[in-house]
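Engineer: Here it is, the structure in full.
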Amino acid sequence: MTQPQPAAPATDLTFVPKASAIAREAGARLREFLAQGVETEYKGDVDLVTVADRTVEKLIRTRLSEIFPDHGIYGEEGTRDRLDQEFRWYVDPLDGTTNFAHGVPHFCVSMGLEQRDPAQRASSLAPDQDGTLVAAVIYDPNLDEIYCAERGRGATLNGRPIHASRVPDLAESLVATGFPSRKRHDSPNIHFYQEFTLRSHGVRRAGSAALDLAYVACGRFEAFWEFHLNPWDTADGFLLIEEAGGRISDFAGGPFRLDSREVLASNGLIHDELVGLFQDMFAGRGLSPIPTPQEFAARRAHRDQSKPAR
């Protein structure tokens, strides 16, 4: 588990102030589209896309190009600009499109900035070619909540420092996950969903991976896992969680990469327990029995008694 970094004043940050302004402008456009109502289309067999996705990505692309003309942009809706540059923005103009299309007010603008070594500036994103995530902005326009981070400068929510939670056990944790809209029949996640539901305070499936990761960073959730996400889904959440003192990896506990097919994020305290649970499930090993309410209470009482007196 990384130690949370003290949040730096906004005036001391390099990328976040201008990126935040772009995210807020993009979020305002999403609110307008939500109020008007938009028609949905399909990109592929089941993935939804709306005019809002495309219009807002174009807006973000224009603003980033004006403010950071030497930065690359890699967007969900097809933007692939200047990918040979040192800095690259991963942009999801509307994370939570299915929610948006159904009028559910839970979605966000997602922007993460990667700094790539000159030797790693190929347009492809091979597993061994990740750069360093240096800035992150996630804006929820419905709650007017903006999550920001810069490398080594801490993470904030609406300008106030945030930290991952201190809950030490999965049994007392609220966790989150998601299911892919495409290839859902091939996803094994329903089996994991059942096990985590039985072994935690509950599992939430809210429909925005970026916000799920932000909620882990600010302590609302203790953990999040999902299969088959993309760099624009995770780049910003990765940095937020690290700067807030949490931990992010693949399901085996190995290093997380932007093109990873697995993401496991937590407050750090329950991470090893989560990894062990994944290992048992993947291996088909017998899992430890789920404690009864009485056993759960007894374990909690024992743990509380073992804490040193303040």
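Engineer: Out of the range 259-269, which residues are over 14 Å from residue 217 (Cα atoms) and crowded, with 24+ Cβ neighbours inside 10 Å?
Structural biologist: Kept after step one, since they are over 14 Å from residue 217 (Cα atoms), are these residues of the range 259-269: 259-263.
Correct list: 263 only.
Table: residues versus (1) surrounded by 20 or more Cβ atoms within 10 Å (Cβ to Cβ); (2) at pLDDT 95 or above.
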position: 150; (1), (2): yes, yes
position: 156; (1), (2): yes, yes
position: 168; (1), (2): no, yes
position: 194; (1), (2): no, no
position: 202; (1), (2): no, yes
position: 229; (1), (2): yes, no
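Engineer: Checking the condition farther than 24 Å from residue 149 by Cβ, more than 11 Å from the chain's Cα centre (by Cα) and charged (D, E, K, R), which residue from 199, 204, 220 passes? Break it down stepwise before answering.
Structural biologist: Working: 204 fails: farther than 24 Å from residue 149 by Cβ; 220 fails: farther than 24 Å from residue 149 by Cβ.
The unique qualifying residue is 199.
Engineer: Scan the range 234-247 and give yes if some residue there is surrounded by fewer than 23 Cβ atoms within 10 Å (Cβ to Cβ), not in a helix (DSSP H, G or I) and not assigned by TED's automatic domain parsing to the domain that holds residue 99, otherwise no.
Structural biologist: Start the filter on the range 234-247 by keeping residues that are surrounded by fewer than 23 Cβ atoms within 10 Å (Cβ to Cβ), which leaves none.
For the range 234-247, residues surrounded by fewer than 23 Cβ atoms within 10 Å (Cβ to Cβ), not in a helix (DSSP H, G or I) and not assigned by TED's automatic domain parsing to the domain that holds residue 99: absent.
Engineer: Is there any pair with a first residue in the range 26-42 that is in contact (Cβ under 8 Å) with a residue 60 or more places away in the chain and outside the structural domain of residue 98 (by TED's automatic domain parsing) and a second that is small (Gly, Ala, Ser) and part of a helix (DSSP H, G or I) whose Cβ atoms are under 9 Å apart and which are 6 or more apart or on different chains, and what are they?
Structural biologist: none
Engineer: Could you list, in sequence order, all residues of the range 253-283 that are assigned to a strand (DSSP E or B) and touching a helix residue (DSSP H, G or I) at 6+ places or on another chain (Cβ under 7 Å)? Steps first, please.
Structural biologist: Our first condition is that a residue be assigned to a strand (DSSP E or B); within the range 253-283, this holds for 255, 262-266.
If the condition is that a residue be assigned to a strand (DSSP E or B) and touching a helix residue (DSSP H, G or I) at 6+ places or on another chain (Cβ under 7 Å), then 263, 264, 265, 266 are the ones that fit.
Engineer: Under the condition of being among the charged types (D, E, K, R) and assigned to a helix (DSSP H, G or I), which residue from the range 43-102 is surrounded by the fewest Cβ atoms within 10 Å (Cβ to Cβ)? Talk me through it step by step, then tell me what you get.
Structural biologist: Going through the range 43-102, the residues among the charged types (D, E, K, R) turn out to be 43, 45, 47, 53-54, 57-58, 61, 63, 66, 70, 76-77, 80-82, 84, 86, 88, 92, 95.
Then keep just the ones that are assigned to a helix (DSSP H, G or I); that gives 53-54, 57-58, 61, 63, 66.
Details: 53: 26, 54: 16, 57: 23, 58: 14, 61: 20, 63: 17, 66: 10.
In this case the residue turns out to be 66.
Engineer: Within 20 Å of residue 194 (Cα to Cα), modelled with pLDDT of 95 or more, buried (at least 16 other Cβ atoms within 10 Å of the Cβ) and touching a Phe, Trp or Tyr at 6+ places or on another chain (Cβ under 9 Å), is that true of residue 206?
Structural biologist: Details: within 20 Å of residue 194 (Cα to Cα): yes; modelled with pLDDT of 95 or more: yes; buried (at least 16 other Cβ atoms within 10 Å of the Cβ): yes; touching a Phe, Trp or Tyr at 6+ places or on another chain (Cβ under 9 Å): yes.
Judged against the criteria, residue 206 is a match.
The values are calculated or read from the model by the stated rules, or taken from the named source; none is laboratory data. Predicted, not measured: the structure shown is a model, and the values here were computed from it. Neighbour counts run over all protein chains shown; Cβ positions are idealised from the backbone, glycine included.
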